[in-house]
Amino acid sequence: MIAMHGVQKHFGDLHVLRDIELDVPAGQVVIVLGPSGSGKSTLCRTINRLEPVDEGTIAVDGNPLPSEGKALAALRADVGMVFQSFNLFAHKTIRENVMLGPTKVRKAKKEEAEKTAQRLLERVGIANQADKYPAQLSGGQQQRVAIARALAMNPKVMLFDEPTSALDPEMVNEVLDVMTSLAKEGMTMVVVTHEMGFARRAGDRVIFMADGQIVEDTDPETFFTAPKSDRAKDFLGKIL
Ligand code: ADP
Ligand code: MG
């Protein structure tokens with residue numbers, strides 16, 4: 001579903017992604033771990049081309065990433081992304097936020113988009129808030145709306161970049177629960193997170209990054225119980 005080969009990315013003199021090789025089969029849940037500044041967000045952002053790469057190839061579902069135009073809009077719809085900050089449109093209701101992508105990008109009919117929004121808001125447990133505005137919802141609720149909004153495009157892949165880092169602790173689980181159910185339903189997911197319990201429970205695979213490189217690529221159990229590199233041991237020593 002995702003194929004990255006020989007990917008290099010610089011920001012000026014800073015080499016942020018070094019020779020990234022990553023193949024993610026359909027349905028796999030990949031947890032991306034690593035210290036701050038190791039390139040986790042940049043890696044995610046290259047997969048939906050929020051960041052272009054300097055060298056190498058990236059393909060989603062067999063299609064090389066387009067660089068512009070309608071093809072790029074279609075790619076962005078296929079690759080849903082949920083960020084730390086929820087980025088909902090403040091002046092649109094929850095329902096309108098979820099309907100926007102399907103009507104604008106997918107050219108869905110209004111009634112159809114409304115039905116989809118209703119179904120997805122039920123799925124993330126906030127159908128009863130559909131007519132409210134984002135500021136009237138808690139952070140956890142807003143993040144669940146952001147997930148519903150991405151799902152409304154019927155994506156092939158979902159990228160999550162620290163989706164619970166900005167939330168009060170009591171709201172973390174309601175978001176992780178939605179992500180866990182998505183994982184169980186077979187969504188292909190790349191998840192940058194510091195929630196180690198979730199990583200162990202829901203992850204099929206752990207990618208550990210340091211200085212722009214994938215240093216370890218293994219299953220969660222092996223990563224957490226028998227990390228090989230000093231960088232990973234050091235990282236785990238600090239967080240566990
Ligand atoms: P992580 O998500 O693992 O914390 P990032 O991918 O955000 O790491 O950043 C990797 C490195 O690239 C960091 O040193 C960061 O400061 C730098 N960086 C990220 N985005 C930019 C940018 N737009 N311009 C310049 N440097 C950037
Ligand atoms: Mg980051």
Return yes or no: is residue 108 crowded, with 16+ Cβ neighbours inside 10 Å, in contact (Cβ under 8 Å) with a residue 60 or more places away in the chain and more than 16 Å from ligand 2 (Cβ to nearest atom)?
no
Among residues of the stretch 115-153 being touching a Gly at 6+ places or on another chain (Cβ under 9 Å) and not small (Gly, Ala, Ser), the residue farthest from residue 42 (Cα to Cα) is 141
Applying the selection to the stretch 211-240, what residues are buried (at least 21 other Cβ atoms within 10 Å of the Cβ) and either within 15 Å of ligand 1 (Cβ to nearest atom) or polar (S, T, N, Q) (or both)?
212, 214, 232, 235
Any idea which residue in the stretch 188-201 is surrounded by the fewest Cβ atoms within 10 Å (Cβ to Cβ), counting only those that are within 18 Å of residue 240 (Cα to Cα) and either hydroxyl-bearing (Ser, Thr, Tyr) or more than 16 Å from ligand 2 (Cβ to nearest atom) (or both)?
197
Can you find even one residue in the stretch 93-105 that is touching a residue at least 60 places away in the same chain (Cβ under 8 Å), more than 16 Å from ligand 1 (Cβ to nearest atom) and under 18 Å from the mean Cα position of the chain (by Cα)?
no
Any pair with Cβ under 9 angstrom, 6 or more apart, that starts in the stretch 220-238 at a residue that is over 14 Å from residue 197 (Cβ atoms) and ends at one that is of a type in the set (S, T, N, Q) and in a helix (DSSP H, G or I):
228/222
Just for the stretch 27-38: of the residues that are within 16 Å of the chain's Cα centre (by Cα) and open to solvent by 10 Å² or more (accessible area, probe 1.4 Å), which one is farthest from ligand 2 (Cβ to nearest atom)?
27
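Using the structure shown, decide if residue 49 is within 16 Å of ligand 2 (Cβ to nearest atom), basic (Lys, Arg), surrounded by fewer than 22 Cβ atoms within 10 Å (Cβ to Cβ) and under 17 Å from the mean Cα position of the chain (by Cα). Spell out the reasoning first.
Values: within 16 Å of ligand 2 (Cβ to nearest atom): no; basic (Lys, Arg): yes; surrounded by fewer than 22 Cβ atoms within 10 Å (Cβ to Cβ): yes; under 17 Å from the mean Cα position of the chain (by Cα): yes.
Against the criterion (within 16 Å of ligand 2 (Cβ to nearest atom), basic (Lys, Arg), surrounded by fewer than 22 Cβ atoms within 10 Å (Cβ to Cβ) and under 17 Å from the mean Cα position of the chain (by Cα)), residue 49 does not qualify.
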What's the number of the condition residue 78 fails, among (1) under 27 Å from residue 220 (Cα atoms); (2) away from ligand 1 (no atom under 14 Å from the Cβ); (3) at pLDDT 95 or above?
(3)
Candidates 22, 14, 65, 43, filtered to the one that is open to solvent by less than 70 Å² (accessible area, probe 1.4 Å) and either within 16 Å of ligand 2 (Cβ to nearest atom) or not aliphatic (A, V, I, L, M) (or both)
43
How about the stretch 68-105: which of its residues are within 19 Å of residue 182 (Cβ to Cβ), open to solvent by less than 40 Å² (accessible area, probe 1.4 Å) and touching a strand residue (DSSP E or B) at 6+ places or on another chain (Cβ under 7 Å)?
78, 79, 80, 81, 82
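The values are calculated or read from the model by the stated rules, or taken from the named source; none is laboratory data. Since the model is a prediction, treat every value here as computed from it, not as a measurement. Note: ideal-geometry Cβ built from the backbone for every residue, glycine included; neighbour counts use all protein chains shown. Quick note on the areas: whole protein, heavy atoms, side chains included, nothing else; ligands and nucleic acids left out. Shrake-Rupley method; radii C 1.70, N 1.55, O 1.52, S 1.80 Å.
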